[in-house]
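The values are calculated or read from the model by the stated rules, or taken from the named source; none is laboratory data. Keep in mind it's a predicted model, so treat the numbers as computed, not measured. Note: ideal-geometry Cβ built from the backbone for every residue, glycine included; neighbour counts use all protein chains shown.
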Amino acid sequence: MIPAALAPLMHGVLEALALATGFAYYRWLRARAGAPSVVSGAEFAVAVGCIFGAAVGNKLVFWIEMPQLLPLIWDQPAAWLGGQSMVGGLLGGLIGVEIAKKLAGVTRSTGDAFVYPVLLGLMIGRVGCFLAGLADGTYGLPTDLPWGVDFGDGIPRHPTQLYEIAFAGALWLGLRRLQARLASQPGLLFKTMLVAYLLWRLAVDALKPVPFAYPLGLSGIQWVCLLALLAYGPLAWRQQRSLSRSVNLSL
């Protein structure tokens, strides 16, 4: 772990690196595919929608997770500058993109291009979460497992940040193997990634302290994941079934 005084700085640096690297990788993938620049025409509107939606969702889900803090610091800059939520960023970005596409008249699916940049940024960002230790609030519950990590309070805990890095890497490899099969259904790669990540967070957040308990003892993020899966999961399922039918017809 790094010294507590340096934790916010290190976390901020790696968070910025995650965003910059993810965006650079996104542009590189588009250039390799021969797609137009992200800063041109309707593509620019989609990018703006993604960034704005992710920023709003990021903050909104953080306050859903920790509503008890808002009355205490709502009038301080930290209330609006600090606090992040990957789940909120993903869902907010998705909504922002769909709104921007509607306004710009874009009808084609654009989500697949974001899949690997999102996973790359997630892995880099979670390194910052891990190094920040207790100050970040993403650590797990106490554990007796041999890989438990002491984040500075003398208690070995689940290194849930490292679990997430491993999950993102495994998901990357799995999606790469499925990519050719899913290519005939634009948008299905992104839907598969998002559903997998929401299921992951619903599960792994059970290994984390619950800062504010909602019904059933679930955290705010777990409830957001559950509701998002109920709303978005059927879309992915229908598209997957459509893919399966088309594959069967071609056999």
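For the residues VAL87, VAL46, VAL39, VAL13, the requirement of being β-branched (Val, Ile, Thr), modelled with pLDDT under 70 and either in a helix (DSSP H, G or I) or farther than 23 Å from ASP205 by Cβ (or both) singles out VAL39. Remark: ALA79 falls outside the filter, which requires a residue to be outside any helix (DSSP H, G or I) and either at pLDDT below 90 or surrounded by fewer than 18 Cβ atoms within 10 Å (Cβ to Cβ) (or both).
Condition check for PRO71 on (1) under 30 Å from ALA213 (Cα atoms); (2) outside any loop (DSSP other than H, G, I, E, B); (3) modelled with pLDDT of 75 or more: one failure, at (3). Candidates are the residues of the range 96-142 that are in contact (Cβ under 8 Å) with a residue 60 or more places away in the chain and among the hydroxyl-bearing types (Ser, Thr, Tyr); the one that is surrounded by the fewest Cβ atoms within 10 Å (Cβ to Cβ) is SER109.
Picking from residues in the range 147-172 that are of a type in the set (Gly, Ala, Ser) and assigned to a loop (DSSP other than H, G, I, E, B), the one that is nearest to the chain's Cα centre (by Cα) is GLY148.
Okay, residues lined up against (1) within 19 Å of THR160 (Cα to Cα); (2) crowded, with 16+ Cβ neighbours inside 10 Å; (3) under 15 Å from the mean Cα position of the chain (by Cα):
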| site | (1), (2), (3) |
| --- | --- |
| ALA206 | yes, no, no |
| VAL210 | yes, yes, no |
| PRO215 | no, no, no |
| CYS225 | yes, yes, yes |
| LEU229 | no, yes, yes |
| TRP237 | no, no, no |
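Pairing residues of the range 170-198 that are under 15 Å from SER242 (Cβ atoms) and modelled with pLDDT under 95 with residues that are of a type in the set (Lys, Arg) and not in a helix (DSSP H, G or I), at Cβ distances under 7 Å and at least 6 apart in sequence or on separate chains, gives PRO186/ARG108.
Rundown of residues vs (1) touching a Pro at 6+ places or on another chain (Cβ under 7 Å); (2) assigned to a helix (DSSP H, G or I); (3) within 22 Å of TRP28 (Cα to Cα); (4) of a type in the set (Val, Ile, Thr), yes/no style:
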residue: LEU91; (1), (2), (3), (4): no, yes, no, no
residue: ILE95; (1), (2), (3), (4): no, yes, no, yes
residue: SER109; (1), (2), (3), (4): yes, no, yes, no
residue: LEU119; (1), (2), (3), (4): no, yes, yes, no
residue: ILE124; (1), (2), (3), (4): no, yes, yes, yes
residue: PHE130; (1), (2), (3), (4): yes, yes, no, no
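I'd like the residue in the range 151-168 that is of a type in the set (Phe, Trp, Tyr) and either free of Cβ contacts under 8 Å to residues at least 60 places away in the same chain or at positive phi (or both) and, out of all such residues, is surrounded by the fewest Cβ atoms within 10 Å (Cβ to Cβ). Ranking the qualifying residues of the range 151-168, first place goes to TYR163.
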